[in-house]
Structure formats: C-alpha cells, structure tokens
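Here the structure comes first, spelled out in structure tokens, and everything after it is commentary.
Read-outs throughout are calculated quantities, based only on the coordinates presented, and are distinct from any laboratory measurement. These numbers were taken from a predicted model, which means no experiment stands behind them. Glycine also receives a Cβ, built like all others from the backbone with ideal geometry; neighbour counts cover every protein chain displayed.
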Amino acid sequence: MQLDVFTLVPHAYAWLTEQRPVATVLGSELDLRLFSYRDTTPLRSGQVDDEPYGGGAGMVLRVDVVAAALEAVYGGQPTHRIVALTPQGRQLTQDVVEELAKEERVTLLSAPAGCARGGVGRAGVVLGGARRRARVSALHAPGRVSGLARARRAALGRPRRRRALAEGTRSLRNPVDRLTAGLPRGWRVTIDWLVTIVGAILIVLAIKQWVINPYRIPSSSMEPTLHCARPSPGCEARFSDRVLACRFCYRLWSPKRGDIVVFNTPPRAAQICGSGGVFVKRLIGLPGETWKEVKGYVYINGKKLDESYIKPDRRDDFTQGPITIPKGQYFMMGDNRNGSCDSRRWGTVPRGNLIGKVIATYWPPSRISIQ
C-alpha cells in the first residue's frame, strides 16, 4: 500500500512504520512518502496560516495551504481515500490498519506538530466547511463540520489570485514519480535507482566532454614542471602527475604564451615521434610570430624569450629556424628540451586541435597545485 503523509514535520513520522499494528499488517509492503505543507504553500516564507507571529505559527492550517499540497502531488483533489489525523479520532489499532490496508493508496493529513501522534479520523474533520472559512482549525472534533461529499463545489477551493501559485508547485514533484505512479513499489524503486545511476553517468560524461577532464603525464617531456613516474627515461617522481584541463577556457579567451596545453597532435607526430594522440606541452609561439632557437635559447620576433621554467640540465643546444607561425596555428614545446618531441620536429598545432588549458595538478597529494 502506498501511504502519503502531509504534515508540517515530515521527520516526525518515522515512528509510523514502527507501530506494532502497522508493522504486523503491512510490514515491508508499506510504501511511505512524506510531504511538507511548507514546500508547496502559496503563502510567503513557508507560512501555513495568517498569523505566524503572536497567533502561534502552525496552530491553524489554512485550507488553501492543504489544497496546494494536494494539487502539487496529485494534480488536483485525489480520488482515493483521505484520512485526517486528529486527537478526537479513533486509535491506531490493528483493526483500523486492516481497514486501511484494503486500499491501494491512502493519504493522511496530519494535525499540527504537537498532535502528530493523535488518532485517525476522516478527511471531513479538517477540510469540511472550507468554502465558508478563511482558515479552519486542525483540532475540530468530528461531526462539527460538514463532509466534503456534501459541498456544492470543491471544499478545497481557494482564492483565484492564489491559484497560479499553487499550480506552479506541480513542477516541484519528481517527474519519475509521476511516470511510475501506477507501478508496484519494487518496480518504482528499481526505476528510480536506474534513473539516478544513468543521470550520474551522463553528468560525469558531460563534465569530461565540455567542462574539465583529467589527464595523466606519461613521459618526461614536461619535466620538471610535470612529473612522470620512474623507471621511464628522464622521469623524476615515483608517481605520474595527474592534471585537470579546462575544456571551455579557450571558448572564453584566446590561448596565451606560457600556457600548458592539452591538444591532439598533427598526423606527423605519430610518424616522427613514434606515438601520437593527446600531448601536453607548453605554448611558445602564437599565430603570425617568428620563432627560432639559437643554442637552446628561444627567440620570438628576434627577442630572446625569458624561460625561467627551463632547468639548465634540461636545455638542449640546438639551433634552428626562423619559422613563421601560420595564422590559426600554435608552436608547442616541452619544458624538457633534451627529451621532448614537439613542434620543432612535427610542426605547428591548429587551433581546432587544442583541447584545453591545464589549470591544476590534483595527484599525487604532495603535488597538488594550481597552474
């Protein structure tokens, strides 16, 4: 049986499934859902009455607050059985539970917080006479108000100016619950888990595709800025660095000299270096600039480039160039000039091949840093 409880204090109803009559009759067959009036109230700041101060907040439930909660969950006045919890109602005995267990679905409307453990009565106890009152006490005794079935129009009616607010609360309900409302509880739980897992996987894939993606440093070409793991040649560390590349950064601004960039290599890289795919290098030359190397020192447009990140034992003594970098192309070099297969050998990298800028090292813990 599906049991929906509408209350001001949802957490206070954990006791319900532990009651001996409920546990004896229903056991694991009880599907308990808890809803708070404050989540769907058409009043401001989660109020449920007209007098949140001085009059005792929650002591009197407005009928349009109850109506908004029912409409948010059921899309209108429910057709199944509704029971109101009041101090004047019948005790929660096994006979009462067996009577309710005959229903496929039951809705409980609770009294204010101080009366949450009262007896069980009928819906008319709380909601009857709604058409004639601005608000109705949740503690009316049974029989003092007329039943819902005898009302000329829905007892759950509310001022027209509030209707749009209440209707807007429908979207707050879980869409999976709406789609699986008629299925057995086991199926609903399974579908809910599947949707959660698939949703989590899609979120992770979307983040990796468009936001941030992790990469491992496999070679010594960026030593000592980014470490690779021994015993690979030229590696200084026990563990390879793992970095995060921002995939959307270059959609917001242009690549800058000095950026450490993750990119897809041109086809020549696989032929010359013996491997291709995704490389991590430092951006040295920008489109339209002239690059050259003289005895291991880089010159851009004839001016020597200050490269404090190059260690003396990692610098080569090559002389080559000058090379004019084409429009829309970038010149990449590793910080380990003696052991880097880069643009000096296989040429420049098109803008479309850039995956993202390295923004952080996240592993190992001793190497955590922001680039």
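Data for the structure
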item	result
Sparsely packed trypsin sites (Lys or Arg not before Pro) within the range 226-294, loop by DSSP, other Cβ within 10 Å at most 12	R238, K256
All aspartates and glutamates inside 16 Å of K295 as judged from Cα atoms, apart from same-chain residues fewer than 8 positions distant	D306, E307, D313, D316, D317, D335
Chymotrypsin sites (Phe, Trp or Tyr not before Pro) restricted to DSSP loop in the range 253-304 with at most 15 other C-beta within 10 Å	W253
